[in-house]
Amino acid sequence: MSMLVENAASTLESVQFYDQLVAALTSRRKELSEAEQSFGGYAPMGQEELVEWLQFQCWYEREAAGFIGSWLRDTPETEVFIGLCRQVSDEGRHYKLLLSHLKSLGASMEGWQPEPEWVAWVSEFYAAGDDTLERVAAHNITGELGAMNAFEGLLPRVPQETREVLGKIIPDEKFHVSLGRMAVQRFATTADRQFRVEQRVWDAFELEQKGRLAFERRLRERSAVAEPAPPVFESKPQWICQVCGWIYDETLGDPDSGIAPGTAFEDIPDDWMCPECLVTKLDFVKLSV
């Protein structure tokens with residue numbers, strides 16, 4: 001239920017409003033499963049999943065730099081304007097860091113396209129908003145809080161090199177969160193403003209969940225397409241003992257007698273004996289295929 005419905009008789013003090021809103025958002029996230037909280041839970045990321053996540057994050061950072069930059073000409077609040085200028089620079093630097101790391105893994109952004117849910121969430125919803133409060137509420141409260149939590153949750157799941165990259169990004173995310181807090185605490189001072197902030201926060205949360213599901217769907221589809229064909233093993237000759245019927249398979253060898261798998265029959269030492277009846281190689285014949 002909306003906090004503003006519960007407190008319709010009066011406007012909350014802006015600091016209290018922010019604290020209650022973030023507490024409600026945090027509580028809502030904790031109700032989610034591990035997989036819902038952090039792109040696939042807390043199992044170690046495989047190479048394919050890591051590359052997909054880095055590509056998504058590269059795209060996200062570039063989009064953020066673009067739409068936050070577009071806000072600057074229409075941000076009359078001086079303190080927020082200055083903070084957003086820094087944030088544009090941060091997002092650009094994050095894009096460069098992630099792209100470089102992606103290339104170190106032998107991947108790139110060439111031919112990469114976002115899912116429709118990501119476009120609706122990031123490119124369209126985050127970029128919109130009638131004023132500074134609506135824009136910052138959606139992105140710097142829901143979005144940046146979610147990103148910071150996701151990055152911290154990812155740390156145990158990724159290689160050390162990726163942790164080092166995220167370690168350079170997380171402090172900036174904390175600043176972006178603090179910028180959102182400052183904007184709300186200073187300017188969300190009426191019931192109408194608080195209602196609009198709250199609405200944008202929860203709309204962003206719902207779109208974020210749809211974006212996460214789209215990421216999981218993408219992984220499943222990529223896995224289905226890229227699933228390798230079953231391995232085809234070369235058929236190796238088999239030799240049968242004419243005395244007892246024991247079969248020497250060149251694929252398996254005879255490890256108990258010191259003959260490694262893959263050893264051709266003609267390469268077996270002459271003093272080798274059948275494990276079953278102890279006759280020599282001379283008593284074996286090749287099985288017809």
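The values are calculated or read from the model by the stated rules, or taken from the named source; none is laboratory data. Note that the structure is a prediction, hence the values are computed from the model and not measured. Neighbour counts are summed over all protein chains in view; Cβ atoms, including those assigned to glycine, are modelled from backbone coordinates with ideal geometry.
For (1) touching a residue at least 40 places away in the same chain (Cβ under 8 Å); (2) in a helix (DSSP H, G or I); (3) more than 19 Å from Lys174 (Cβ to Cβ), each residue gets a yes or a no:
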site	(1), (2), (3)
Leu98	yes, yes, no
Lys103	no, yes, yes
Met109	yes, no, yes
Val122	yes, yes, yes
Asp130	yes, no, yes
Thr142	yes, yes, no
Met148	no, yes, no
Leu154	yes, yes, no
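Matching residues to (1) in the same structural domain as Ser178 (by TED's automatic domain parsing); (2) more than 18 Å from Met148 (Cα to Cα); (3) surrounded by 13 or more Cβ atoms within 10 Å (Cβ to Cβ); (4) among the small types (Gly, Ala, Ser):
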| position | (1), (2), (3), (4) |
| --- | --- |
| Glu63 | yes, no, yes, no |
| Trp71 | yes, yes, yes, no |
| Glu77 | yes, yes, yes, no |
| Gln87 | yes, no, yes, no |
| Leu102 | yes, yes, yes, no |
| Glu110 | yes, yes, no, no |
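Taking the condition on the phi > 0 side of the Ramachandran plot and out of contact with any Pro (no Cβ under 9 Å at 6 or more places or on another chain), does Gly153 pass? Taking the combined requirement at face value, the residue does not satisfy it. For Ser257, the criteria (1) out of contact with any helix residue (DSSP H, G or I) (no Cβ under 8 Å at 6 or more places or on another chain); (2) among the hydroxyl-bearing types (Ser, Thr, Tyr); (3) modelled with pLDDT under 85 hold in every case but one, which is (3). Of the set (1) buried (at least 16 other Cβ atoms within 10 Å of the Cβ); (2) closer than 19 Å to Val51 by Cβ; (3) among the basic types (Lys, Arg), all apply to Arg135 but (2). Taking every residue in the range 248-275 that is in contact (Cβ under 8 Å) with a residue 40 or more places away in the chain and pairing it with any residue that is not in a helix (DSSP H, G or I), at least 6 positions away or on another chain, yields no pair with a Cβ-Cβ distance below 6 Å. Every condition in (1) of a type outside the set (S, T, N, Q); (2) farther than 23 Å from Pro171 by Cα; (3) surrounded by fewer than 17 Cβ atoms within 10 Å (Cβ to Cβ); (4) modelled with pLDDT under 95 holds for Pro116 except the one numbered (4).
Residue pairs whose Cβ atoms lie under 7 Å apart, separated by 6 or more positions or on different chains, with the first residue in the range 61-84 and within 18 Å of Thr142 (Cα to Cα) and the second β-branched (Val, Ile, Thr) and buried (at least 17 other Cβ atoms within 10 Å of the Cβ), are Glu63/Val122; Ala65/Val88; Ile68/Val88; Val80/Thr132; Val80/Val136; Leu84/Ile68; Leu84/Thr75. Going by what's in this entry, would Gly111 be described as under 26 Å from the mean Cα position of the chain (by Cα), on the phi > 0 side of the Ramachandran plot and not aliphatic (A, V, I, L, M)? Judged against the criteria, Gly111 is a match.
With respect to Gln47, is the statement that it is touching a Leu at 6+ places or on another chain (Cβ under 6 Å) and modelled with pLDDT under 95 true? Can you show your working first?
Working: touching a Leu at 6+ places or on another chain (Cβ under 6 Å): no; modelled with pLDDT under 95: yes.
No.
Just checking, which of Leu207, Leu133, Leu145 is in the same structural domain as Gly69 (by TED's automatic domain parsing) and modelled with pLDDT under 90?
That would be Leu145, the only listed residue that is in the same structural domain as Gly69 (by TED's automatic domain parsing) and modelled with pLDDT under 90.
Of all residues in the range 128-141, count the ones that are among the hydroxyl-bearing types (Ser, Thr, Tyr) and within 9 Å of Gly180 (Cβ to Cβ).
Of the residues in the range 128-141, the ones among the hydroxyl-bearing types (Ser, Thr, Tyr) are 132.
Subset that is within 9 Å of Gly180 (Cβ to Cβ): none.
Of the residues in the range 128-141, 0 are among the hydroxyl-bearing types (Ser, Thr, Tyr) and within 9 Å of Gly180 (Cβ to Cβ).
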